[in-house]
1. If you go through the stretch 57-85 one residue at a time, how many are surrounded by 15 or more Cβ atoms within 10 Å (Cβ to Cβ) and either at pLDDT below 95 or not in a strand (DSSP E or B) (or both)?
2. Report, by residue number, each residue of the stretch 31-56 that is exposed (fewer than 14 other Cβ atoms within 10 Å of the Cβ) and without any contact (Cβ under 8 Å) to a residue 24 or more places away in the chain.
3. On the given criteria, is residue 144 in contact (Cβ under 8 Å) with a residue 40 or more places away in the chain, part of a strand (DSSP E or B) and more than 14 Å from residue 35 (Cβ to Cβ)?
4. (1) surrounded by fewer than 19 Cβ atoms within 10 Å (Cβ to Cβ); (2) touching a residue at least 12 places away in the same chain (Cβ under 8 Å); (3) under 15 Å from the mean Cα position of the chain (by Cα); (4) under 23 Å from residue 18 (Cα atoms): which one isn't true of residue 94, the others all being true?
5. What tally of residues in the stretch 97-141 results from selecting those that are more than 23 Å from residue 72 (Cα to Cα), free of Cβ contacts under 8 Å to residues at least 40 places away in the same chain and part of a strand (DSSP E or B)?
6. Restricting the search to the stretch 13-35, which residues are assigned to a loop (DSSP other than H, G, I, E, B) and under 20 Å from residue 59 (Cα atoms)?
């Protein structure tokens with residue numbers, strides 16, 4: 001797995017229905033992939049991850065799954081267009097039983113996937129950004 005580019009704890013609240021997290025960043029030149037993990041433990045290599053979102057840029061594929069006691073589970077892939085340029089902006093909206101993921105373009109959300117997590121949203125303790133990310137330029141928490 002590529003190195004962690006960024007990590008932050010979820011503070012001051014636990015995630016719940018109606019909360020949103022927006023992440024904007026700049027990718028490395030010739031980026032191949034990046035991922036965003038919503039982890040249940042505050043450590044470098046957690047055994048429990050509620051939601052793993054990975055974008056394989058060259059393959060134009062989004063991978064989603066979760067990690068339970070050190071094992072990756074429920075691997076799902078879907079085709080999706082590549083990013084326009086080196087800047088990405090994603091919003092993760094936490095609903096009743098799903099996480100909706102939006103690609104933000106011209107400050108307008110465009111839903112790209114919906115994921116049903118195995119773990120409760122309240123178990124998420126931190127966010128990790130992995131892969132070919134040069135910089136996180138914005139991280140916004142909107143609590144319901």
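The values are calculated or read from the model by the stated rules, or taken from the named source; none is laboratory data. Only a predicted model underlies this, so the values are computations on that prediction, with no experimental measurement involved. Because the Cβ atoms are built from the backbone with ideal geometry, glycine has one as well, and the counts that use them run over all protein chains shown.
1. Residues meeting the conditions: 3.
2. If the condition is that a residue be exposed (fewer than 14 other Cβ atoms within 10 Å of the Cβ) and without any contact (Cβ under 8 Å) to a residue 24 or more places away in the chain, then 43, 45, 47 are the ones that fit.
3. So residue 144 fails the test.
4. Among (1) surrounded by fewer than 19 Cβ atoms within 10 Å (Cβ to Cβ); (2) touching a residue at least 12 places away in the same chain (Cβ under 8 Å); (3) under 15 Å from the mean Cα position of the chain (by Cα); (4) under 23 Å from residue 18 (Cα atoms), the lone unmet condition for residue 94 is (1).
5. Kept after step one, since they are more than 23 Å from residue 72 (Cα to Cα), are these residues of the stretch 97-141: 102-111, 134-141.
Restricting the remaining residues to those that are free of Cβ contacts under 8 Å to residues at least 40 places away in the same chain gives 102-103, 105-111.
Within this subset, residues satisfying the condition of being part of a strand (DSSP E or B) are 102-103, 105, 108-111.
Residues flagged as more than 23 Å from residue 72 (Cα to Cα), free of Cβ contacts under 8 Å to residues at least 40 places away in the same chain and part of a strand (DSSP E or B) within the stretch 97-141 amount to 7.
6. Those that are assigned to a loop (DSSP other than H, G, I, E, B) and under 20 Å from residue 59 (Cα atoms): 28, 29, 30, 31, 32.
Listed here are the residues, each with its yes/no results for (1) closer than 18 Å to residue 116 by Cα; (2) at pLDDT 95 or above; (3) assigned to a strand (DSSP E or B).
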residue	(1), (2), (3)
5	no, no, yes
11	no, no, no
37	yes, yes, yes
52	yes, yes, yes
